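*Asks:* Quick one: the structure is below, questions incoming.
What follows draws every value from the coordinates through simple rules; no lab data is involved. Being a predicted model, the structure only gives us computed values, none of them experimental. Counting neighbours? That spans all protein chains shown, and the Cβs are built from the backbone with ideal geometry, glycine included.
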Amino acid sequence: MKYQNGMYIWGEKYLTDYDGKEASLEIPDGITEINAGAFAQCTQMPEKITIPDSVFKIEKYTFNNQNTGRLKEIVMSDKTIADKDAIEPDVMKKRMYCFWTSLQMVWMIILLKIFGI
């Protein structure tokens, strides 16, 4: 088992636990799976977690714990398969809100350019 920036990595491919305190966490490329409850014991959840394209599976209850209130954003590939219970619903609502807010801003800029305002 390897320890790197608060992450416990088993066999170079599996993130098994996290106990770091970073505000932003970037999971290393090459990790293929985030185990169930990997962040369950985390006392200071990051505000942002970036998951590389190499991660294809996020197991159940990965981001479910009492400290997920700090977590505002999870960036991951569309190819990543996350169990329906992997991420607390509040985190997904925040992510969708950010997505729609960004989309609205893009459309506003396009309309302003079209109409020359």
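*Asks:* Explain nothing, just the number: relative contact order of the stretch 1-73, from Cα pairs under 8 Å at least 6 residues apart, as a whole percent. Please report the intermediate quantities before stating the final value.
*Replies:* Working: 168 pairs, mean separation 20.6, N = 73.
This gives 28 percent for the stretch 1-73.
*Asks:* Which whole-number percent gives the relative contact order of the stretch 1-42, counting Cα pairs below 8 Å spaced six or more residues apart?
*Replies:* Details: 63 pairs, mean separation 15.4, N = 42.
Relative contact order here is 37 percent.
*Asks:* Could you give the length gained by full extension between residue 44 and residue 19, i.e. 0.36 nm per residue of separation minus their alpha carbon distance, to one decimal place?
*Replies:* Here the answer is 8.2 nm.
*Asks:* Check residue 50: other-chain or 5+ apart residues with amide H under 5 Å from its amide H, H built from backbone geometry?
*Replies:* HN-HN under 5 Å from residue 50: 25, 26, 27, 75.
*Asks:* Also, I was wondering about something else. How charged is the neighbourhood of residue 25? Take every other residue with its Cβ under 14 Å from the Cβ of residue 25, and add Lys/Arg as +1 and Asp/Glu as -1.
*Replies:* On the way: positive: 21, 48, 70, 72; negative: 17, 19, 22, 26, 29, 47, 73.
Once positives and negatives cancel, what remains is -3.
*Asks:* For the stretch 1-80, report the convex hull volume of the alpha-carbon atoms normalised per residue, in Å³, without decimals.
*Replies:* Values: hull volume 5.9 nm³, N = 80.
Cα convex hull per residue, to the nearest whole number: 74 Å³.
*Asks:* Just to verify a number: FRET efficiency for residue 54 and residue 8, C-beta to C-beta distance, R0 = 25 Å, to 0.05?
*Replies:* 0.90
*Asks:* Then there's this: According to the square roots a ≥ b ≥ c of the eigenvalues of the Cα gyration tensor, what is the shape class of the stretch 1-46, taking rounded for a/c under 1.5, prolate for a/b larger than b/c otherwise, and oblate for the remainder?
*Replies:* Details: a/c = 1.79, a/b = 1.44, b/c = 1.24.
In terms of gyration-tensor shape, prolate.
*Asks:* By how many nm would the segment from residue 114 to residue 72 grow when fully extended, if each residue of separation counts as 0.36 nm and the alpha-carbon distance is taken off?
*Replies:* Details: separation 42, 0.36 × 42 = 15.12 nm, distance 3.34 nm.
In short, 11.8 nm is gained.
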